[in-house]
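Q: My questions all concern the structure below.
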DNA sequence: TCGATTTGGTTGAAGTGTCACTCACCCTGC
DNA sequence: GCAGGGTGAGTGACACTTCAACCAAATCGA
């Protein structure tokens, strides 16, 4: 049975063209393995997870190395409770610390610690190297372009129109109101 | 600030070519949103998760509608403990049941129940529809081909050579033997 | 100005995935 | 036949994600 490796066997793909089937199954498989491999590699090379890394990148990316919690949520496209939990765990490990916001009594900042900085400095190069080795070393220029274009198309589709309504949960906790077609990072 | 939505801001991408940076960030963003959307949609349209769906597809894909646990793990590229936990949960919900294997006292089968069958029959069409709408309706033939080729290249890289060593954990529980003197996917 | 609503953020519980470990059974060489 | 190792599977602890509920500070509206 041909080393059939993944979820999408028949029922689904029946309603896709054969070429689409193949492409979809290849994509799903690849994407799963790639995610798994990157996470694994990250926690082998350094002592942080991909999620930690994402948070740390946002922090180092700001002069001042401090970001408001909700801004973090928005730029990472995470739910605020996820940020909250995750920051709590990272704080426990000393990678970041919280500070409360003087100008807004509700708010608080997430601040990079020295440990956090050295963690990401240790992790970043090998992560980039991994990405190069697993992806870009294999692709020629036209493929890189195609990857970007495909990704952008799909992403735009996801964050536009009705799809955006659901995503908008991230910004507004009241999905009912959102339905029309704004909110949720309307491109341009 | 240009709706900057995702993890890979600067530090990482510094060591990739600018075009590669853009492509990578676009891909990561897209892939995250797409996964999230597909899961969400699946659990809205039907009462199962993507993981449930994957398992059910494997089952319906077999005449007899029963599969050995380890075969399931291998075809889904999941760890066997993940399968074990997940099947336990699905069993609790009545989607599948376990049966032990007569010919091998250690083994056991996962068997599709009627409830499981109707669950996947309900879920599959709208899932396919979603995939079409979010992906393939946006892509022309050459893009579909490119998607497949890129995915296959990367997947092959991931499952070949040293990278495969890590993945092999899935098949062999003894990682020690697999590590000549590097580990961590040393190029070439 | 005061109540209602919104906003920024936390918390707890439940579902999921991973790791390390265990257990039972199979198979081989002696 | 039986000791040793391999293999199929389950388990418990812990990390992570989501959902719903909550709280307190801020803001809006009459």
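What follows is calculated from the coordinates using simple rules that are stated; it is not laboratory data. These numbers were taken from a predicted model, which means no experiment stands behind them. Glycine also receives a Cβ, built like all others from the backbone with ideal geometry; neighbour counts cover every protein chain displayed.
Q: Shielding by partners for B:49-60, please: the mean number of other protein chain Cβ atoms within 10 Å of each residue's Cβ.
A: Partner Cβ neighbours, averaged per residue: 3.
Q: Once the label point is set 7 Å along the Cα-to-beta-carbon vector, what list of distances in nm do you get between residue B:44 and its counterparts in the other copies?
A: 3.9
Q: Rounded, prolate or oblate: which one fits the stretch A:95-143, using the alpha carbon gyration tensor with axes a ≥ b ≥ c (rounded when a/c is under 1.5, else prolate when a/b beats b/c, else oblate)?
A: Since a/c reaches 1.5 but b/c is at least a/b, the shape of the stretch A:95-143 is classed as oblate.
Q: R0 = 41 Å: FRET efficiency of residue B:160 with residue A:91, Cβ-based, nearest 0.05?
A: 0.55
Q: Also, I was wondering about something else. Along Cα-to-Cβ, 7 Å out, sits the label point; list in nm, shortest first, how far the one on residue B:129 is from those in the other copies.
A: 4.9
Q: Also, I was wondering about something else. Would you kindly work out, in nm and rounded to one decimal, the distances from the label point of residue B:141 to those of the same position in each other copy, ordered shortest first, with label points 7 Å along Cα-to-Cβ?
A: Relative to the other copies, residue B:141 has label-point distances of 2.6 nm.
Q: Further question: Over the stretch A:71-170, calculate the relative contact order: mean separation of alpha carbon pairs under 8 Å at least 6 apart, over the residue count, as a percent.
A: 22
Q: Please work out the C-alpha center-to-center distance from the stretch A:84-149 to the stretch B:22-70 and express it in whole Å.
A: 26
Q: Shifting gears a bit: Would you tell me the mean number of C-beta atoms belonging to other protein chains that fall within 10 Å of each C-beta in B:28-40, as a whole number?
A: Partner Cβ neighbours, averaged per residue: 6.
Q: Multiply the residue gap between residue B:133 and residue B:80 by 0.36 nm, knock off their C-alpha separation, and tell me the result in nm, one decimal place.
A: This chain segment gains 15.7 nm when fully extended.
Q: Can you give the FRET efficiency to the nearest 0.05 for residue A:121 and residue B:19, using r as the Cβ-Cβ distance and R₀ = 25 Å?
A: 0.50
Q: Next question, about the same structure. Assign one of three labels to the stretch B:47-147, namely rounded, prolate or oblate, based on the Cα gyration tensor with a ≥ b ≥ c the square roots of its eigenvalues; rounded applies when a/c is under 1.5, prolate when it is not and a/b is larger than b/c, and oblate otherwise.
A: Taking the square roots of the gyration eigenvalues as a ≥ b ≥ c, the stretch B:47-147 is prolate.
Q: Taking the Cα-to-Cβ direction at residue B:98 and at residue B:68 and moving 7 Å from each Cα, how far apart do the two end points lie in nm?
A: So the label points at residue B:98 and residue B:68 sit 1.7 nm apart.
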